1. From the set of residues in the stretch 254-264 that are part of a strand (DSSP E or B), of a type in the set (Val, Ile, Thr) and touching a residue at least 40 places away in the same chain (Cβ under 8 Å), which is surrounded by the most Cβ atoms within 10 Å (Cβ to Cβ)?
2. Take the residues in the stretch 201-222 that are out of contact with any Ser or Thr (no Cβ under 7 Å at 6 or more places or on another chain) and in contact (Cβ under 8 Å) with a residue 60 or more places away in the chain; name whichever of them is nearest to Asp272 (Cα to Cα).
3. Could you pull out the residue among Val119, Val66 that is open to solvent by less than 30 Å² (accessible area, probe 1.4 Å) and part of a helix (DSSP H, G or I)?
4. Mind checking which residues of the stretch 138-166 are in contact with a helix residue (DSSP H, G or I) (Cβ under 6 Å, 6 or more places away or on another chain), assigned to a loop (DSSP other than H, G, I, E, B) and aliphatic (A, V, I, L, M)?
5. If the Cβ limit is 6 Å and pairs must be 6+ apart or interchain, which residue in the stretch 168-188 that is over 20 Å from Val47 (Cα atoms) pairs with which residue that is surrounded by 16 or more Cβ atoms within 10 Å (Cβ to Cβ) and hydrophobic (A, V, I, L, M, F, W, C)?
6. Would you be able to tell me the number of residues in the stretch 179-202 that are open to solvent by 80 Å² or more (accessible area, probe 1.4 Å), over 22 Å from the mean Cα position of the chain (by Cα) and modelled with pLDDT under 95?
7. For Asp241, indicate whether it is part of a helix (DSSP H, G or I), modelled with pLDDT of 95 or more and acidic (Asp, Glu).
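The values are calculated or read from the model by the stated rules, or taken from the named source; none is laboratory data. Every value quoted in this text rests on a predicted model; they were computed, and no experiment measured them. For neighbour counting, all protein chains shown are included, and Cβ atoms are generated from backbone atoms with ideal geometry for every residue, glycine included. The protein model used for the area step is the full one, side chains on, heavy atoms only, and it has no ligands, DNA or RNA in it. Shrake-Rupley method; radii C 1.70, N 1.55, O 1.52, S 1.80 Å.
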Amino acid sequence: MDEAVESSLFPAPPGPVGAGTAFGTFGELLQGELPEDDGDFLVTLPVACWTRVVFHPDPRRTEPQVWPAHKTKALRLVRMICADAGRPAGGLLTVRSAIPEGKGLASSSADLVATARAVGRALGVPMPPRRIERYLARIEPTDGVLYPAIVAYHHRSVRLRATLGSLPRMTVVGVDEGGTVDTVDFNRAPKPFTDADRRAYARLLDRLTLAVRDGDLPAVGDIATRSAVRNQAVNPKRWLDPMRDICRDVGGLGVVAGHSGTTLGILLDARDPACPHRTTAASRACAELAGAATLYRTLSFRRDTSRPTVARARRPDPSESVTALPT
């Protein structure tokens, strides 16, 4: 639907307007279960792929309207925030996203985080991360995209475990095995992790924490690959072995998986003078394997040497976030 048709079907009401954005992720650098209560966790890999939400409150109406109409979780969140604020829920919510749905790229989390920010700004209600988390915990398991950093996150209980920091920018050459995965159903299913598996995930998380602190991209790539291999027992990817071969052939850092999705990607160091050559070679090989490849750019965040939490990331236009490569 183009903007002219949308405007005619969903005319924006007069009055205040709020806008919010959130980035997506390319799967997870690490995901598994730790040897503790509520041990399910993931480590985010933020990428420059965005959702932008605009909310126009309309006091003449009692019910909100959303476009596109299938964004029902965002609609539910509007009702929750307005009810808590003692405000009418009427209004128009418009969700625009460059993040593919059901692929393990945090599209639903980005929709909800951007919605909370947009509605909060329209109503004049502050939306710090912990308040957003309380709302999202009532809706579904959630990625850690409300924090501007690489974070370790308990996605089932919707709480931050640790802010790990930022990494130098990487290019991800991604493929999609097709289909979709429902995040809620995926997280309801029991995972076949043993006590030995849980201890292994704890060691990997310790290694990854140090690797992010040190900006050690080869170590990050190795850990991401190990996590993707372990995830074969949970959500197997038929192209994991071929992608590992391509990664080795082009001199990539490692393979990253959408643990609860359908995607795999090859990590490349964007600072490497040979990165354009490696990207071209990986893209061609991935297109031969999967029919198409997609490029993503990871986000780097400003470092504050006095504080572990990072303040801000550059926000490109959502339409420019993802570039598809033809076969």
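1. Initially, the stretch 254-264 is screened for residues part of a strand (DSSP E or B), giving 254-257, 263-264.
From the residues that got through so far, the ones that are of a type in the set (Val, Ile, Thr) too are 255-256, 263.
Still in the list and also touching a residue at least 40 places away in the same chain (Cβ under 8 Å): 256, 263.
On the way: Val256: 32, Thr263: 24.
Residue satisfying both the conditions and the ranking: Val256.
2. Here is the first cut: in the stretch 201-222, the ones out of contact with any Ser or Thr (no Cβ under 7 Å at 6 or more places or on another chain) are 201-203, 205-222.
From the residues that got through so far, the ones that are in contact (Cβ under 8 Å) with a residue 60 or more places away in the chain too are 201-202, 205, 208, 212, 220.
Working: Tyr201: 30, Ala202: 31, Leu205: 26, Leu208: 21, Val212: 18, Val220: 16 Å.
Top of the filtered list is Val220.
3. On the way: Val66 fails: part of a helix (DSSP H, G or I).
One residue alone meets the criteria, Val119.
4. Across the stretch 138-166, the qualifying residues are Ile139, Val145, Leu146, Val158.
5. Sorted first by the residue in the stretch 168-188, then by its partner, the list stays empty.
6. Matching residues across the stretch 179-202 total 1.
7. Values: part of a helix (DSSP H, G or I): yes; modelled with pLDDT of 95 or more: yes; acidic (Asp, Glu): yes.
Yes.
Here is a yes/no grid of residues against (1) among the β-branched types (Val, Ile, Thr); (2) open to solvent by less than 40 Å² (accessible area, probe 1.4 Å); (3) part of a helix (DSSP H, G or I); (4) farther than 11 Å from Val173 by Cα:
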{"position": "Ile266", "(1), (2), (3), (4)": "yes, yes, no, no"}
{"position": "His277", "(1), (2), (3), (4)": "no, no, yes, yes"}
{"position": "Thr280", "(1), (2), (3), (4)": "yes, no, yes, no"}
{"position": "Cys286", "(1), (2), (3), (4)": "no, yes, yes, no"}
